[in-house]
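Single-structure report; data block below.
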Amino acid sequence: MAPLLEVRDLQTHYVTFGGTRVVKAVEGLSFTLREGETLGIVGESGSGKTTVCQSIVGLLPAAACIVGGSIAFEGRDLAQLSQREMRHIRGAQIAMILQDPMASLNPLFSIYRQVAEPAYYHLAVRGRSLRERVRELLNAVRIPSPTMRMREYPHQMSGGMRQRIVGAIALAGGPKLIIADEPTTNLDVTIQAQYLDLLKELQEQTGVAIVFVTHNLGIVARMCDKLAVMYAGKIVEAGSVRELFDTARHPYTQALLGSMPKLGSKEKLLAIPGQPPDLATLPPGCAFHPRCPEALPCCATEEPGETQIAGTWTARCWRAAPGAAATDLPKEAHVAAAVGN
Amino acid sequence: MARFIIRRTLYALVTLLILSLTIFMVIRLTGDPVTLLAEPGAHAEDLDRIRAEWGLDRSWPVQYLTFAKNVFTGDLGKSFNYDMPVSTLYFQRLPNSLELALAATLISFLIGIPAGLISAVKVNSVWDNTGKVIALFGLAVPGFWLGLVMILVFSVWLGWLPTSGQGSWQHLIMPAVALGWYFAASLLRLTRSSMLEVLRSEYIKLARLKGLPGYVVIAVHAFKNALIPVLTLAGVNLVVMINAAVIIEVIFAWPGIGRLLYEGIFQRDFPLVQGVVMEAGIMIVVINLTIDILYAYIDPRIRLTR
């Protein structure tokens, strides 16, 4: 069966200062997603996660542009579609949940109207059946007494409720894919857990695929089947959540996992030294090498390609590359690698 | 809420007190009105008699207190020149000023809001730059100059419109454009910035993500939000246009409040000038007070500030 979403070699660049400054926010990114699957995209701020989402839904900022690659959704390349054609896909086929529930709802329109819009415009539902549909959606996201609540306005709702309403809006057009861009960052921890459970449950009921963008690896472990780790606009390691959590091969993935606090552990938390690179002036070779504890001489000069480790598990690292190992490795690196393991 | 209203009302009264003191003293700096009221070459006794008749022989503090007491009881005094109560004169002229101000508001809406909207939606395009130039001219070119140029072009050269006076709708066009011009520019700028702010908001992003048609996103979701500050400004503008269109009304001989004030100043008609300024001041203060209270009613953050 063909995948639902197949992103191939996507390149999205920001061109500013009249073309003199090119920021390669996303550079040669590929992943696939099947129906009902959940993919987690993790990375630090500025690694290009949000740009990937915006590229898929076709709502990039004015300075940004998809310069290469394809985004095949059910066999159609979204990168080639016009804005008019994309409009019929957004909200109907692909929905998105934004970060800030307090700002995502229009303060001047009733909850009913805001939830009803996707069904009204994409599914041509009208009148009594539209009211019924909104009621069902609000029920599905566990808004108490939906008949009464849908007449109210956003300021009368709590943050958690608003984010659930945003969830109802995402489901309203009957999408096959939901992109959730850090949907729980602005919620209380207790509300976060409830919200994630709710999303999981809705996914089981509707079979919708989810792309989950986050920097919280705990959420990935809880929600996702697959994981893609982004660094400086590229996926440095991708695979199933189990594979990556057990035996990550890329030093960056290892460092991210090491920086995650574990309950009951007395081990010191590892911080990744340095800052993410400026995407307009990337270092030569592997973009991570200045911060990498296990960098090899070749890392500073040549960029590693994608190495298949097993099945769908891939990594972009000289250490994971077959053959590239042993001979190039200086003594200290062996020691470092041994300590790292 | 009650405390908020009481505090704001006190502020309003203080504003009016300062206004009344200022206008009372400033108008007395223009000179002795009695010399204009009497025949040229009148005897000193006659002048004194007139002075006593109008209470001008008393000291300034006494005159001020009488004036302030009368304002409180709703009596603005009697005009020297017209020998009529100032309130009667004011309310006679009010409909004319209102007509002109409403026409000017309509024109400022028709130019300012669509142009501001286009500027914001097509930001940094040719349209936006055109809008910016219009706004700059609107704010920089004085209304009286525009009025004179229009009289020259449309009345003198082309003969399409009457030069001045009131009567038909043709009489209304030029003064309304000259008056609305500045306000159109200020509305344009506010609509543009308000719209730009709304278009950057998350809820507009979500509206686009829902796949709504572009016109629904712009005209319904964004515009409704952007309109709130614009309407507030328009309300204040209208009050200013009713009461302060002095120069435009003089140029076009429009029998409104501005012209009444102008005549009062020239005739050193103290009660008339004081009365008109106080009426305008009260109207502006009341409108602002109402807007403040309405905002507080909508926004709990304002309401709860002590």
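Quick notes
- Of the helices (runs of 4 or more DSSP H) lying entirely inside the range B:180-258, those carrying at least 2 residues that are more than 14 Å from every other protein chain (Cβ to nearest Cβ), within 24 Å of B:W145 (Cβ to Cβ) and in contact with a Gly (Cβ under 7 Å, 6 or more places away or on another chain) are B:246-251.
- Residue list for the range A:293-341, filter: at pLDDT below 55 and touching a strand residue (DSSP E or B) at 6+ places or on another chain (Cβ under 9 Å): A:A324
- Counting only residues that are in contact with a Leu (Cβ under 6 Å, 6 or more places away or on another chain) and within 14 Å of another protein chain (Cβ to nearest Cβ), the range A:29-54 holds 1 of them.
- Residue satisfying condition, being at positive phi and modelled with pLDDT of 85 or more, within set B:G211, B:G258, B:G281, B:G275: B:G211
- When the range B:57-82 is limited to residues that are under 28 Å from the mean Cα position of the chain (by Cα) and basic (K, R), the one that is surrounded by the fewest Cβ atoms within 10 Å (Cβ to Cβ) turns out to be B:K69.
- Within the range A:26-49, tally of residues that are surrounded by 19 or more Cβ atoms within 10 Å (Cβ to Cβ), among the hydroxyl-bearing types (S, T, Y) and under 17 Å from A:L279 (Cα atoms): 1
- The single condition among (1) within 17 Å of B:I113 (Cβ to Cβ); (2) surrounded by 20 or more Cβ atoms within 10 Å (Cβ to Cβ) that B:V236 does not meet is (2).
- The range A:90-109, residues that are within 25 Å of A:G36 (Cβ to Cβ) and either within 7 Å of another protein chain (Cβ to nearest Cβ) or small (G, A, S) (or both): A:R90, A:G91, A:A92, A:A95, A:M96, A:L98
- Condition met for B:F144 (over 30 Å from A:A92 (Cα atoms) and buried (at least 22 other Cβ atoms within 10 Å of the Cβ)): no
- The range A:110-149 - residue that is within 17 Å of A:A170 (Cβ to Cβ) and assigned to a loop (DSSP other than H, G, I, E, B) and, of those, farthest from the other protein chains (Cβ to nearest Cβ): A:R142
- Matching residues, the range A:224-244, being part of a strand (DSSP E or B) and among the small types (G, A, S): A:A228, A:A238, A:G239, A:S240
- Output for the range A:272-324, where each listed residue is small (G, A, S), outside any strand (DSSP E or B) and over 24 Å from A:A25 (Cα atoms): A:G311, A:A320, A:A321, A:G323, A:A324
- Residue match in the range A:161-183 (condition: within 19 Å of the chain's Cα centre (by Cα), in a loop (DSSP other than H, G, I, E, B), surrounded by fewer than 22 Cβ atoms within 10 Å (Cβ to Cβ) and within 12 Å of chain B (Cβ to nearest Cβ)): no
- Among residues of the range A:248-269 that are within 25 Å of A:P290 (Cβ to Cβ) and outside any loop (DSSP other than H, G, I, E, B), those with a beta-carbon under 9 Å from a residue that is of a type in the set (S, T, Y) and at pLDDT 85 or above at least six positions away or on a different chain give the pairs A:Y252/A:Y231.
- Among the residues examined, A:G18 does not qualify as more than 20 Å from A:H215 (Cβ to Cβ), away from chain B (no Cβ under 14 Å) and either touching a strand residue (DSSP E or B) at 6+ places or on another chain (Cβ under 8 Å) or of a type outside the set (D, E, K, R) (or both).
- Candidates A:L244, A:L227, A:L198, A:L256 - the one that is surrounded by fewer than 22 Cβ atoms within 10 Å (Cβ to Cβ) and away from chain B (no Cβ under 14 Å): A:L198
- Residues satisfying the stated conditions in the range A:60-89, i.e. at pLDDT 90 or above, touching a strand residue (DSSP E or B) at 6+ places or on another chain (Cβ under 8 Å) and within 11 Å of another protein chain (Cβ to nearest Cβ): A:I89
- Here the range B:227-259 is the region considered, the condition is being among the small types (G, A, S) and either in contact (Cβ under 8 Å) with a residue 40 or more places away in the chain or touching a Pro at 6+ places or on another chain (Cβ under 6 Å) (or both), and the residue that is nearest to B:L206 (Cα to Cα) is B:A234.
- Residues satisfying the stated conditions in the range B:26-55, i.e. without any contact (Cβ under 8 Å) to a residue 24 or more places away in the chain and among the hydrophobic types (A, V, I, L, M, F, W, C): B:V26, B:L29, B:V34, B:A38, B:A42, B:A44, B:L47, B:I50, B:A52
- When residues in the range A:185-218 are screened for being assigned to a helix (DSSP H, G or I), touching a residue at least 40 places away in the same chain (Cβ under 8 Å) and over 22 Å from A:A103 (Cα atoms), 5 of them pass.
The values are calculated or read from the model by the stated rules, or taken from the named source; none is laboratory data. Please read all numbers here as calculations on a predicted model, not as lab measurements. Cβ: placed from backbone, ideal geometry, glycine included. Neighbour counts: every protein chain shown.
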